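Notes follow once the structure below has been shown.
The values are calculated or read from the model by the stated rules, or taken from the named source; none is laboratory data. Model, not experiment: these values are computed from the prediction. Neighbour counts are summed over all protein chains in view; Cβ atoms, including those assigned to glycine, are modelled from backbone coordinates with ideal geometry.
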Amino acid sequence: MQQGRDAERVTGRRTVLKAAGASLAVAGLGATATACGGGSGSGDGTVTIRYSWWGAEDRAERINKTIDLFEKKYPKIKVKTDFQPYGDFWKKFNTQASGGNPPDVFQNAIGFLRKYDAKNVLLDLSEQVKAGNLRMEGFRAGLEKFGEIDGKLLGVPVGSNSMALVIDKPVYTRAGAKPEMGWTWDDFDEAMKNIRDRTGRAGDSGMYGVMYLYDLYLRQNGKAFFTKEGLGFTEADLTQWWTKAEKGVKSGLFANAKKVVQVKPKSALSAELAGSEFTWDNFTVRYTSEGKSEYGLAPIPTTDGKRTGQYLGSLMLSASRRTQHPKEVAQFIDFMVHDPEVAKIMGYDRGVPATQVQYDAYTPTDPVNKAIAAYEESLVEAGVLETITPHPNGADVCEAAFLRIAEEMALGKRSVDDAVKQFFTESKTALAG
Amino acid sequence: MSAQATDITPAPSSKGAIRRRLPGSLAWHLGSLAILAVILYPVVWVVGGSFKKSEDIVGSLDLFPADPIVDNYTSLTDGIADISISTFFVNSLLLAVGSVVGILISCSLTAYAFAKIRFAGRNLLFTLMIGTLLLPYHVLLIPQYVLFRNMDMINTYTPLLLGKYLATEAFFVFLMVQFMRNLPKELDEAARLDGCGHMRIYWSIVLPLCRPALITSAIFTFINAWNDFMGPLIYLNEPGKYTVSLGLKMFVDQEGLANYGGMIAMSLVALLPVLAFFLAFQRYLIDGMATSGLKG
């Protein structure tokens with residue numbers, strides 16, 4: 001299987017090269033087109049924009065290739081990139097933004113939109129849309145509104161993802177668990193029990209700490225994790241959720257938190273501690289590269305047999321309000337979300353491409369990415385997708401606190417009541433800021 | 001081994017002494033070896049890990065791989081994210097050596113002033129300098145960033161080096177001051193009688209005697225600069241200018257494919273310069289301590 005994947009990677013590179021070759025011709029045409037329509041540029045010399053994102057080397061190589069394409073099409077714009085892993089990216093970004101020197105364009109996520117809008121860091125791109133430098137048409141499933149807050153366009157989605165239950169297929173088969181669209185939390189609990197009893201593994205790795213899953217559960221019950229200003233649930237709600245979790249950990253339905261911590265940075269699922277894990281569907285790639293089993297995507301359990309509460313999430317590209325080159329930045333974002341060649345290079349690395357053109361341009365050939373595409377299509381078919389609820393300023397801090405405090409509770413360092421209180425105290429501080 | 005020792009020993013009377021010492025010595029050595037094994041375990045694990053496949057590394061406690069591979073090392077020659085590995089090493093070396101030179105010159109000069117020259121406000125300034133040790137790094141981070149940005153020095157090595165040439169590392173100044181204060185006053189007085197000025201006394205009398213303090217500072221500065229992560233993270237904006245510590249972070253991100261093998265192999269390679277630097281200079285460190293008994 002490993003060999004198969006390696007071969008896949010090699011052919012992947014080859015197609016990328018071919019794609020790059022083919023796009024040379026396209027880029028040539030594009031260049032003449034801009035030359036004709038030009039005259040708005042500064043005329044003398046080139047413009048350099050800084051583009052920062054989080055990720056590792058694999059993403060870096062893909063992004064470098066897309067930037068080569070962009071620079072061929074827009075020879076007057078040079079793009080300098082800079083990347084770190086997620087945590088370090090935000091450390092650096094925070095310092096730079098506070099120091100008045102954020103990158104011109106950067107990768108962004110929903111939890112940070114209001115936070116950096118409140119700090120006046122983000123550029124409202126709607127003027128660039130009006131000026132025709134950025135097209136906001138052709139996005140899938142209403143994603144064009146995703147980065148809009150209070151009428152301002154603060155981010156442009158690059159790829160969609162949605163929460164899923166990543167399962168170890170052989171384990172689920174042995175346990176006789178068959179997750180299907182519309183299965184309920186009772187079915188889920190039953191599956192957890194069967195996995196524990198029949199395979200000797202825990203059913204799940206630690207669903208109680210995943211903020212985005214709890215959000216779905218709340219949405220199924222007519223609430224949501226966040227409102228515009230604060231938290232959308234009560235201490236009693238969370239006590240109920242975590243009491244169930246604590247019982248699950250004690251009875252072995254959920255993986256032993258100590259062991260989960262020990263195998264980090266590997267996930268409990270690929271370390272064979274648990275039979276499944278809730279996460280974003282496009283992260284599946286990670287499990288296949290870490291673990292030896294076969295992994296699949298299962299739907300989110302429901303409360304009423306219909307609503308999963310799901311929505312499409314997305315990474316975004318945002319621009320900095322301080323940028324000297326808003327037009328070039330807009331052209332850059334436009335190219336990255338609409339150009340079909342970019343989609344062929346990026347694949348599903350940042351989620352399923354956000355625009356229909358890019359979605360059609362890339363057809364996955366390997367089982368993992370095929371599964372991701374099939375999963376997202378099944379969500380559309382089942383009609384379960386709803387719109388995302390707002391994420392207030394401080395949402396990112398709440399998410400981190402939720403995960404950390406849930407883990408402490410599972411480790412037995414905090415009682416459920418103590419954990420709930422601690423979370424409400426911390427999130428109140430975070431959301432007040 | 002002990003048998004060999006008894007064979008060589010000529011005097012028969014010492015045989016009894018060895019027999020008496022043997023159990024104690026054996027226990028001592030076994031105990032040391034046991035402690036050493038515990039201490040070295042992580043290092044050996046990393047070395048073993050660098051020959052494992054990426055997916056076998058994390059979460060496995062096995063010291064050595066079932067079937068060793070060298071791909072992790074050979075893949076390093078391809079570079080990371082289109083940048084060759086040697087770039088990171090050259091950048092880190094440049095920074096580390098530049099820092100060592102800066103610290104040695106600036107801190108020893110400052111220390112000389114504090115230790116040997118009487119001037120108005122000396123004690124106050126010295127206290128203030130020690131006070132800077134209490135400032136947490138994070139308090140200075142953003143003001144410093146703004147300062148360097150206004151001077152247009154972002155994305156250069158200047159912000160990372162400039163302070164080192166201006167004796168801002170109070171700890172090393174303090175270390176050298178304490179050392180210089182212990183040097184006998186008679187030596188400077190004799191030099192002054194012979195017509196030496198401050199520069200001459202500093203260069204010909206104090207510096208050579210301060211060798212242990214200088215070498216200690218050099219070793220710590222080199223290691224700190226080599227391992228520094230936050231500084232290069234904040235100030236350098238192009239992967240081509242990144243240091244080894246930043247390069248190591250390029251292998252793994254939670255969202256995508258992780259190359260643990262490459263990361264571990266590179267972290268071992270990254271250890272070598274630090275190790276070499278330490279081995280080369282620790283000799284002088286001990287040497288210096290032995291010879292500075294002059295003060296009596």
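Mind checking which helices (runs of 4 or more DSSP H) fall wholly inside region A:66-141 and carry at least 3 residues that are within 11 Å of chain B (Cβ to nearest Cβ) and under 17 Å from A:Ser320 (Cβ atoms)?
On the way: elements: A:86-98, A:110-118, A:126-130.
Output list reads A:86-98.
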Answer yes if at least one residue in region A:24-41 is more than 25 Å from A:Arg321 (Cα to Cα), modelled with pLDDT under 90 and touching a strand residue (DSSP E or B) at 6+ places or on another chain (Cβ under 7 Å), and no otherwise. no
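Tell me whether region A:226-234 contains one or more residues that are part of a loop (DSSP other than H, G, I, E, B), among the basic types (Lys, Arg) and at pLDDT below 95.
yes
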Quickly run through region B:41-51 and pick out the residues that are surrounded by fewer than 23 Cβ atoms within 10 Å (Cβ to Cβ) and of a type outside the set (A, V, I, L, M). B:Tyr41, B:Pro42, B:Trp45, B:Gly48, B:Phe51
So A:Ala236 passes all but one of these: (1) surrounded by fewer than 23 Cβ atoms within 10 Å (Cβ to Cβ); (2) within 27 Å of the chain's Cα centre (by Cα); (3) small (Gly, Ala, Ser); (4) more than 23 Å from A:Gly296 (Cα to Cα). Which condition number does it fail? (2)
Hits in region B:12-61 (condition: modelled with pLDDT of 75 or more, over 28 Å from the mean Cα position of the chain (by Cα) and away from chain A (no Cβ under 14 Å)): B:Arg21, B:Leu22, B:Pro23, B:Gly24, B:Ser25, B:Leu26, B:Ala27, B:Trp28, B:His29, B:Leu30, B:Gly31
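Considering only region A:134-187, state which residues are of a type in the set (Lys, Arg) and either over 24 Å from A:Glu328 (Cβ atoms) or surrounded by 23 or more Cβ atoms within 10 Å (Cβ to Cβ) (or both).
Within region A:134-187, the first condition is being of a type in the set (Lys, Arg), and the residues that meet it are A:135, A:140, A:145, A:152, A:169, A:174, A:178.
Across region A:134-187, the qualifying residues are A:Arg140, A:Lys145, A:Lys169, A:Arg174, A:Lys178.
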Limited to region A:327-364, what total is found for residues that are surrounded by 22 or more Cβ atoms within 10 Å (Cβ to Cβ), of a type in the set (D, E, K, R) and under 20 Å from the mean Cα position of the chain (by Cα)? 2
Name the residues in region B:118-148 that are within 29 Å of the chain's Cα centre (by Cα) and either of a type in the set (D, E, K, R) or away from chain A (no Cβ under 13 Å) (or both), would you? B:Leu125, B:Phe126, B:Thr127, B:Leu128, B:Met129, B:Ile130, B:Gly131, B:Thr132, B:Leu133, B:Leu134, B:Leu135, B:Pro136
Name every residue in region B:59-78 that is touching a helix residue (DSSP H, G or I) at 6+ places or on another chain (Cβ under 6 Å) and within 28 Å of B:Tyr242 (Cα to Cα), in order of residue number. B:Asn72, B:Tyr73, B:Ser75, B:Leu76
Considering residues of region A:311-320 that are touching a Leu at 6+ places or on another chain (Cβ under 7 Å) and at pLDDT 95 or above only, the residue nearest to A:Ala109 (Cα to Cα): A:Ser318
Scan region A:269-305 for residues that are in a loop (DSSP other than H, G, I, E, B), surrounded by fewer than 23 Cβ atoms within 10 Å (Cβ to Cβ) and more than 10 Å from chain B (Cβ to nearest Cβ) and jot them down. A:Ser293, A:Glu294, A:Pro299, A:Thr303, A:Asp304, A:Gly305
Take the residues of region B:244-261 that are touching a Phe, Trp or Tyr at 6+ places or on another chain (Cβ under 6 Å) and more than 8 Å from every other protein chain (Cβ to nearest Cβ): which is surrounded by the fewest Cβ atoms within 10 Å (Cβ to Cβ)? B:Ser245
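Any residue in region A:293-300 that is in contact with a Gly (Cβ under 7 Å, 6 or more places away or on another chain) and on the phi < 0 side of the Ramachandran plot? Reasoning before the result, please.
To start, the set of residues in region A:293-300 that are in contact with a Gly (Cβ under 7 Å, 6 or more places away or on another chain) comprises none.
No, that holds for no residue.
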